[in-house]
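Data first, discussion second: the structure below is written as structure tokens.
The values are calculated or read from the model by the stated rules, or taken from the named source; none is laboratory data. Remember, predicted model here, so these are calculated numbers, not experimental data. All Cβ positions, glycine included, derive from the backbone under ideal geometry; neighbour counts span all protein chains shown.
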Amino acid sequence: MNLVKISVYIIACYFCMVSSGVAAAEKKKGSGRLICWTNNEGVRECGDRIPPEYAQQEHQELSKKGTVIKETDAPKTEEELAKEKEEAAAAEEEARLAKESALQDKILLDTFTSVEDIESARDGKLKTLDSTITLAEKRDTKMQAELDKKVNQAASAEREGKTPPAHLQDDIESLKRQINTNNELITNTHKEQEDVKAKYEKDIQRFKELKGAQ
């Protein structure tokens, strides 16, 4: 009986030694993976370890069959990071514009039911602007007549060898400023009319597109 126990013990020890030997051999042999990188001369090199000077460069880890199982990219340059940031900003702006355009389309469809409605709204704004221009032109005529009168008074005084009164000169300068301001109003209102026409024409075309797509 004791002999049997001894034999079993010896066999167990043998298997432990064999297992330990295999494990040690496997450890010594390694996993069979390779790391490949490109050296400073542009030559591709491989080994079980990557040299420290190439650790921050792009490299790949291969299985023993040559299959890439892991890729490590090189750190991005400042130029690459700046380009990525610029592209991200452009994409964000594009998304914002698309969202804004969709909102404008919704407002257009919610506000108007037909092209005639849009034209009516346009004509109403143009009529209001026409009234502004008409009033400004009447005011301009009146101020210009007053200015001519003041200038003639000053000229009469000068022909008589007198210096025109200070208040008269002040009135002349004031009227000139008012006329200039009024003329700017007329010019800007005409421009606003053109902007209104262009805007509503664009709205009409977009309305037709949206309705046609429905």
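Against the definition (among the charged types (D, E, K, R) and within 28 Å of Tyr200 (Cβ to Cβ)), how does Asp148 come out, yes or no? Spell out how you get there, then give the answer.
On the way: among the charged types (D, E, K, R): yes; within 28 Å of Tyr200 (Cβ to Cβ): no.
No, not satisfied.
Just one of Ala198, Ala136 is aliphatic (A, V, I, L, M), at pLDDT 95 or above and exposed (fewer than 14 other Cβ atoms within 10 Å of the Cβ); which is it? Spell out the reasoning first.
Numbers: Ala136 fails: exposed (fewer than 14 other Cβ atoms within 10 Å of the Cβ).
Only one candidate passes the filter, namely Ala198.
Conditions tested, residue by residue: (1) among the hydroxyl-bearing types (Ser, Thr, Tyr); (2) closer than 30 Å to Ile35 by Cα; (3) more than 31 Å from the chain's Cα centre (by Cα).
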residue: Pro52; (1), (2), (3): no, yes, yes
residue: Ala55; (1), (2), (3): no, yes, yes
residue: Ile69; (1), (2), (3): no, yes, yes
residue: Ala74; (1), (2), (3): no, yes, no
residue: Glu84; (1), (2), (3): no, yes, no
residue: Leu97; (1), (2), (3): no, no, no
residue: Ser101; (1), (2), (3): yes, no, no
residue: Ile107; (1), (2), (3): no, no, no
residue: Thr113; (1), (2), (3): yes, no, yes
